[in-house]
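Asks: Quick one: structure below, then a few questions.
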There are 4 protein chains.
Amino acid sequence: MIKIFVTGGTFDKDYDEKNGRLFFKETHMSEILALGRSKVEVDIETLMMIDSLDMADKDRKTIVDNCISTDGDQIIITHGTDTMTKTAAEIGRRKLSKTIVITGAMIPYKFGTSDGLFNIASALAYVQTLPAGVYIAMNGRVFEYDRVRKNRDTGIFEEV
Amino acid sequence: MIKIFVTGGTFDKDYDEKNGRLFFKETHMSEILALGRSKVEVDIETLMMIDSLDMADKDRKTIVDNCISTDGDQIIITHGTDTMTKTAAEIGRRKLSKTIVITGAMIPYKFGTSDGLFNIASALAYVQTLPAGVYIAMNGRVFEYDRVRKNRDTGIFEEV
Amino acid sequence: MIKIFVTGGTFDKDYDEKNGRLFFKETHMSEILALGRSKVEVDIETLMMIDSLDMADKDRKTIVDNCISTDGDQIIITHGTDTMTKTAAEIGRRKLSKTIVITGAMIPYKFGTSDGLFNIASALAYVQTLPAGVYIAMNGRVFEYDRVRKNRDTGIFEEV
Amino acid sequence: MIKIFVTGGTFDKDYDEKNGRLFFKETHMSEILALGRSKVEVDIETLMMIDSLDMADKDRKTIVDNCISTDGDQIIITHGTDTMTKTAAEIGRRKLSKTIVITGAMIPYKFGTSDGLFNIASALAYVQTLPAGVYIAMNGRVFEYDRVRKNRDTGIFEEV
């Protein structure tokens, strides 16, 4: 059983017809897995629904605490890309004996051109095959948490 | 550099407006990787474009020969689901020291409801992390080639 | 209240996972109107679900009879494009004092690249504005039933 | 030849990956017409790319002036829904002998669930069939410009 913690980020942004802005309603994780016909056993839990630029220390603590307390040793976390590496570092320094893969999207899933489904599918594969550690999976690639950064100009995660 | 061999299958079926039937035109692999914003280096090569029910011994030989002769040791093969395990067995008995992941789709990629992109994304992750061997990646899961079958009733690949 | 008679055609073809062929399950008319957020009052009735090349005289009689017996005077008919003009001619020679718009699609609605939604939306507008008569609405245009043919080479309906 | 004036609105909003906000890049009109396989002759001209809440008097003057000066007598205007009726009123009081249909979308076209394509298709049909006048086409329906309002609670245009 893979635990999936949802924290918001671009990935889950929806369009608010009332005011013409993007907002968070609920996660699209279940419909993504259904579309992909995933038969992997997962347990989806929404910890928060926020833009990762708005993520405070207490939010990161919530994420870390949940990684520690959850039963399984395979965890996926969906997260905004802007501070993804910061959260990864917070989790990483706990040296948990679990495989934790953080992923997200550059374009909201509800947009036709989103990279969200692709990233979830690869995260799901990575979490089942990688040894214990904290990883970031984006653009089909996977990085150890302390050897990656988001290139602000290109929007691409790259090794450091 | 990951080698991607395209062989056809449901995955790449298109709609022929002239006669109202499904047919093969060209692979959608590049557009799938572009949509997923994949930054994984791949080399795509179309070996054939056929329904896997029409795949003859000589076609399987072509696939095996290409797996042997290609330079890299990470290979993805897109393949129709009906005889996927048969081709996997042909490759498997060569005991190549390469990681070879076979995947496909239950619904053509050009259908809005296709599982194709999801499967490609997971295959791309599996091929980068699994040890040498021949695998089938479907529905988010991965199986060793000699421990899986397609359940004809449900259309789902399951362990045997 | 606009009456919508569904007869099948490319428009409503689905993909059968079991045998890899296209088939008819049920019409997608309701989901198209929901996606378009249509607020037009309609009554959808499936008369048959067949390829228009398989449409026999008795099927055309069924369509004509229903056009005559239905209460309203605004009718849309979804129909395969191959024999659309033949059915239109059958209805046309009854000289009904109703506005009847026949439409369809070159690509099944379930394909991402379908013209189906576009054609339904325009048919819905045409049926509300045109005087009594029998029309074919395709490619954003509308034609009187006896002044149009499908160009087999291009797949486009054109005036004659 | 139908003139299509693009002014922005929800319809053409894109997602800006750099800052996670919606913005205007260029109109999607051509790709919508291509997807719908429209064979209607149109001339697309972008007058502005703004949210209709930001539309000033001078912007409305630009729209009115262009309606007057353009050669054809069939005009479609894409427009944000919030002040659509205000612009319609500005054009309407000129009593032009042209058929002018204003339309838009509640959800950006680039979202999978957009009503944009549906509205464009119906506007294209309405502009070809309605007599001279100024109209608003939304949700499959069409209204004379001075007999419609947007219901803020439901987001639906309704007759007054």
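Each value in this text was obtained by applying a stated rule to the coordinates, not by laboratory testing. From a predicted model like this one, the values you see are computed outputs, not experimental measurements. Glycine gets a Cβ as well: all are built from the backbone with ideal geometry, and neighbour counts include every protein chain shown.
Asks: Would you mind listing how long region C:83-160 runs along its three principal axes, going by Cα atoms, in whole Å with the largest first?
Replies: Largest to smallest, the principal-axis extents are 37, 27, 17 Å.
Asks: While we're looking at this one, here's another question. Comparing C:GLY92, C:GLY116, C:GLY140, which has the greatest mean-square fluctuation in the GNM of chain C with Cα pairs linked when under 10 Å apart?
Replies: In the Gaussian network model the winner is C:GLY140.
Asks: What residue among A:LEU117, A:ILE156, A:PRO131 has its Cα farthest toward the positive end of the dipole of chain A, where the charges are +1 on Lys, Arg and -1 on Asp, Glu, each on the Cβ?
Replies: It is A:PRO131.
Asks: Just need the Rg to Rh number for region A:45-100, please, alpha carbons only, Kirkwood Rh. Could you put the intermediate results ahead of the total?
Replies: Numbers: Rg = 10.7 Å, Rh = 11.6 Å.
Ratio of gyration radius to Kirkwood radius: 0.92.
Asks: Right, next: Could you tell me how many cubic angstrom of Cα convex hull volume the protein assembly as shown has per residue?
Replies: On the way: hull volume 107.2 nm³, N = 640.
Residue-normalised Cα hull volume stands at 168 Å³.
Asks: Take every DSSP beta bridge whose two residues both sit in region D:5-125, then give the antiparallel share in percent to the nearest 5. Can you show the working numbers first?
Replies: On the way: 4 of 14 bridges.
In region D:5-125, approximately 30 percent of DSSP beta bridges are antiparallel ones.
Asks: Per-residue Cβ counts within 10 Å, from other chains only, averaged over C:140-153: what number is that?
Replies: Working: counts 14, 7, 4, 0, 0, 0, 0, 0, 0, 0, 0, 0, 1, 1.
That average works out to 2.
Asks: Checking the a/c ratio against 1.5 first, then a/b against b/c, what shape does the Cα gyration tensor give for region C:25-73? Don't skip to the answer; put the middle values down first.
Replies: Numbers: a/c = 3.60, a/b = 1.44, b/c = 2.49.
It comes out oblate by the Cα gyration axes.
Asks: Could you work out, residue by residue across A:121-133, how many beta carbons of other chains sit within 10 Å of that residue's beta carbon, and then give the average as an integer?
Replies: The per-residue average across the peptide is 6.
Asks: Pop the C-beta distance of B:ILE156 and D:ALA34 into the FRET formula with R0 = 35 Å and round what comes out to the nearest 0.05.
Replies: On the way: r = 37 Å, r/R0 = 1.06.
The calculated FRET efficiency here is 0.40.
Asks: Let me ask something else. Between region D:28-81 and region B:11-86, how far is it from one alpha carbon centroid to the other, in angstrom?
Replies: 43
Asks: Here is the link list: D:LYS25/D:LYS98; B:LYS13/B:LYS58; A:LYS39/B:LYS86; A:LYS98/D:LYS25. Which ones come out longer than 32 Å on Cα distance?
Replies: Values: D:LYS25/D:LYS98 30 Å; B:LYS13/B:LYS58 22 Å; A:LYS39/B:LYS86 22 Å; A:LYS98/D:LYS25 43 Å.
In this structure, A:LYS98/D:LYS25 exceed 32 Å between Cα atoms.
Asks: Now for a separate question. Using the Cα centre as the reference, give the magnitude of the dipole from point charges on the C-beta atoms of the protein assembly as shown (Lys, Arg: +1; Asp, Glu: -1; all else neutral), rounded to the nearest 20 debye. Can you show the working numbers first?
Replies: Numbers: 84 positive and 96 negative charges, 0 e Å.
Here the size comes out at about 0 debye.
Asks: For C:ILE156, D:ILE4, D:ILE32, A:ILE68, which order do you get if you count the other beta carbons within 10 Å of each Cβ and list the fewest first?
Replies: A:ILE68, C:ILE156, D:ILE32, D:ILE4
Asks: Just to be sure I follow the definition: excluding the sites themselves, where is the longest run in chain D that has none of the GluC sites (Glu not before Pro) in a DSSP loop with at most 11 other Cβ atoms within 10 Å? Walk me through the numbers before you get to the answer.
Replies: Numbers: sites that count: D:GLU26, D:GLU41.
Here the longest run is D:42-160.
Asks: Right, another one. In what order do D:MET49, C:MET55 fall by count of nearby beta-carbon atoms within 10 Å, going from fewest to most?
Replies: Numbers: D:MET49 16, C:MET55 23.
Starting with the residue having the fewest Cβ neighbours, the order is D:MET49, C:MET55.
Asks: Could you give the dipole magnitude of region D:77-160 about its Cα centre, charging the beta-carbon of Lys and Arg +1 and that of Asp and Glu -1, in debye to the nearest 20? Write out the running numbers ahead of the final one.
Replies: On the way: 11 positive and 8 negative charges, 54 e Å.
Here region D:77-160 has a charge dipole of around 260 debye.
Asks: Principal axes first, then extents: for the Cα atoms of region B:115-157, list largest minus smallest coordinate on each axis, whole Å, largest first.
Replies: That works out to 32, 24, 9 Å along the principal axes.
Asks: Here's something else I'd like to know. Taking the Cα centre of region D:65-119 as origin, work out the dipole magnitude from +1 charges on Lys and Arg Cβ and -1 charges on Asp and Glu Cβ, in debye rounded to 20.
Replies: On the way: 6 positive and 6 negative charges, 28 e Å.
About 140 debye.
Asks: While we're here: As a test, work out the antiparallel percent of DSSP beta bridges whose residues both lie in the protein assembly as shown, rounded to the nearest 5. Intermediate values should be presented prior to the final figure.
Replies: Numbers: 49 of 125 bridges.
So the antiparallel bridges amount to about 40 percent of the total.
Asks: Sticking with this structure for a sec: Rounded if a/c is under 1.5, else prolate if a/b is larger than b/c, else oblate: which is region D:1-88, with a ≥ b ≥ c the root eigenvalues of its Cα gyration tensor? Please list the in-between numbers first.
Replies: Values: a/c = 2.33, a/b = 1.15, b/c = 2.03.
The shape class here is oblate.
Asks: Next up: Report the Cα centroid-to-centroid distance between region A:124-145 and region D:98-140 in angstrom, as an integer.
Replies: Taking the Cα centre of each part, region A:124-145 and region D:98-140 sit 46 Å apart.
Asks: How big is the antiparallel share of DSSP beta bridges in region C:1-61, given as a percent to the nearest 5?
Replies: Numbers: 4 of 10 bridges.
Antiparallel bridges make up about 40 percent of those DSSP assigns within region C:1-61.
Asks: May I ask you to work out the translational diffusion coefficient for region B:15-160 at 4 °C, viscosity 1.567 mPa s, via Stokes-Einstein with Rh from the Kirkwood sum over Cα pairs, reported in whole µm²/s?
Replies: Values: Rh = 15.7 Å.
Roughly 82 µm²/s, to the nearest whole number.
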